[in-house]
Each structure stands twice: as C-alpha cells, then as structure tokens.
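FYI, it's all coordinate maths here, none of it is from the lab. As the structure is a computational prediction, the values presented were derived from the model and not from experiment. Note that we place each Cβ from the backbone using ideal geometry, even for glycine, and neighbour counts take in every protein chain shown.
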Amino acid sequence: MKLLINESNKILRHGEFVTASADDGEFIINTDTDEITKALATDICKANSIGFKSKDKASVLTTKIEDFVEESDIGEVSSPTKSQRRAALVEEHKDALVAMMEGDGDQNSCLVFLVNEGVPFNQAGGILKAALEGSGLLVSNSDRKAKVATILAENDFDPESWSDVEDAVELVLEDVPSADKKSALSAIRAFCKVNEIAMPKKVREKKERKLSWAAAMRLFVAQNPACSDEDLGDKLEELGKDDSKIKPYIKLRAFANLVIESQTEGEESDEDDEDSESD
C-alpha cells in the first residue's frame, strides 16, 4: 500500500498513483516494498490516532496503519495524473525514439511514429521533446540559455556591431547541441538583457526592386527600338512568357520608332533653318 504522508506524519491519501510535493515536506512510503522502521511507524500511528502498544514490532504497527487506512475515509488515488501518463508514454517510447534519432530519422519521422503508436497528435510533440531531453539528444530552452550565457561570458561578449553578434551565433552553433540560428539569437538577446549589454541592430541590406515582366518588356523596347519580332519573342521567353503576349510590344516598338523619327526630322529642320540664316 502506497501512502502519501505530510511533514507531521499525517496520512493524506493512498493509492498506486499518489505523488508527493517535496516543497511541502510530503513523502511516500510503500508498505509492501519499503522497510519501515519502528520509530517511523510509531510516529505515523501517533499522528493519525491509531491505537498501538509500545511492545508492538514494526511489522505489527505497519499492519495497523494499513487496516486504519482501509477502514477510514482517506482519499484514494486510483488513476494516474496527466503528468504520470505522460511520463509513462515517454518511458515506453524513449528507446525507440533515441534509436531513430541516432540513425537516419528526424523529429518529423519520430512524430509520425508516435502517432502511429496511438499517442494523441497534440501530445506527440511534448512526448518527443521530453524523451530527447532525457536522453541528452535535445537541450531544453532553459539549459540552452544557461550554456549560451556561459559561452558568452567566457568569451567576454560585448558586441560593437552586428558582425560581432553573427560571430557569437556561429560560436553557439558549434558548442550547443540542437541549437539553431533563431534559438542562438534568442539566448544572446537574453544574455545582453540580463547583463545590460547594448545589442547592436542588424543592418538590413536594401534589396533591388525587381521589375515585373511587363515593365521589363517596356524597358527592353525603349532601349532596343530596332529590335525584331524574334528579339521580342526571345525576351518574352527569357521572362517566362510565350509569344501570345507579343502584340502590345510590337505596337510599343512602332510607337517608339515614330517618336525617334519625329525627333530626327525636327533636328534636320533645325539644321536647315540655321543654314538659311547663315546665307
């Protein structure tokens, strides 16, 4: 019989699935497997008003405690808690999950395995994480941040520019199992916040604005007014379009050439006027 007992030796609950809170001074004894001393059995009897004689042996006192629990209305915990069920699932599947990760498997294949084994989908991620953390194949978020903090402190991390941060990320990725760039940056930011270190801002590169295919075609015609229909077709193909889109750009080419001809005629007329004035 498993008994949950408080720091005053009062029996709180009994049953296979009782759990104790060490912070509250609780502890568990199992009368079937534990060697219970006479002193402890006596204290439990006194705390729970169980009748006994001073000459009673530990085994006799233990039997009286069991009889008292069975005859009283002390609550029984007959089914596992959520955390106990989860721990049981972790223990059941841990070896298989570790073997998969150490072989050719990844976390996605492990999740599929758990679901196929009957683990509810919304619990599979937590089961996998607990199993891998318990086996050392995955570092918890708190452990990761603690390890990153140690690495940064040992390297006197005090960044002056974003490149210093990027160097620190690479250092973390080399030394911390299962860390990725995102988690490394998160841990570095946490370290800077705790230690009141200014975190440099990332300089964002300006991206060149990409022209749409239609704008690219208009630019091509403007820069190449003497282009042929074949040239237009080749340009469309380069931009991932077919000849069905060519007609507007044939018209645009014609318009561009009209503009050029008009400008040329105007320039020639100006030259004639200048010649007349000189005569």
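Using a 10 Å cut-off around each Cβ, can you sort Ser244, Ser183, Ser140 from fewest to most neighbouring Cβ atoms?
Ser244, Ser140, Ser183
Give, as a single signed number, the net charge of other residues whose beta carbon lies under 15 Å from the beta carbon of Phe255, with Lys and Arg counted +1 and Asp and Glu -1.
+3
Which angle between 0 and 90 degrees, to the nearest 10, do you get for helix 141-154 versus the longest principal axis of the chain when only C-alpha atoms count?
70
For a quick check: sort Phe157, Phe255, Phe113 by the number of other beta carbons within 10 angstrom, fewest at the front.
Phe255, Phe113, Phe157
For region 126-211, what does the alpha-carbon gyration tensor say about shape, rounded, prolate or oblate, given a ≥ b ≥ c as the root eigenvalues, a/c under 1.5 as rounded, and a/b over b/c as prolate?
Because a/c hits 1.5 or more and a/b fails to exceed b/c, region 126-211 counts as oblate.
Can you tell me how much longer the chain between Glu26 and Ala58 gets when fully stretched, taken as 0.36 nm per residue apart minus their C-alpha distance, in nm with one decimal?
Fully extending the segment from Glu26 to Ala58 adds 9.4 nm.
To the nearest 10 degrees, how steep is helix 213-223 against the longest Cα principal axis of the chain, on a 0 to 90 scale?
Orientation of helix 213-223: about 30 degrees from the principal axis.
Could you name the lysines in cross-link range of Lys55, using Cα to Cα under 19 Å and dropping any fewer than eight places away on the same chain?
Excluding near neighbours in sequence, the set is Lys38, Lys46, Lys64.
Taking only Cα atoms, what is the 0 to 90° angle, nearest 10, from helix 82-102's long axis to the longest principal axis of the chain?
With rounding to tens, the tilt is 60 degrees.
Relative to the present Cα-Cα distance, how much length would full extension add between Ala216 and Asp34 at 0.36 nm per residue of separation?
57.2 nm
Once the Cα atoms of region 163-235 are picked out, what are the Rg and Dmax in Å?
Over region 163-235's Cα set, Rg and Dmax evaluate to 23.9, 67 Å.
Suppose the chain between Asp104 and Phe255 were pulled fully straight at 0.36 nm per residue; how much longer would it get relative to their current alpha carbon spacing?
48.1 nm is the gain from fully extending Asp104 to Phe255.
Starting from the exponent 0.38 and prefactor 2.2 Å, build the expected Rg for the chain from its residue count and divide its actual Cα Rg by it.
For the chain, the normalised Cα radius of gyration is 2.14.
Amide H neighbours of Ile29 under 5 Å, counting only residues 5+ apart in sequence or on other chains, H built in-plane at 1.01 Å?
For Ile29, whose amide H was placed from the backbone, the distant partners under 5 Å are Leu3, Ile5.
Under the classification rounded if a/c is under 1.5, otherwise prolate if a/b is larger than b/c and oblate if not, where does region 2-76 fall, given a ≥ b ≥ c as square roots of the Cα gyration tensor eigenvalues?
Prolate is the answer for region 2-76, as a/c is 1.5 or above and a/b outweighs b/c.
Where a ≥ b ≥ c are the square roots of the eigenvalues of the C-alpha gyration tensor, would you call region 82-135 rounded, which needs a/c under 1.5, or, failing that, prolate if a/b is larger than b/c, or oblate?
oblate
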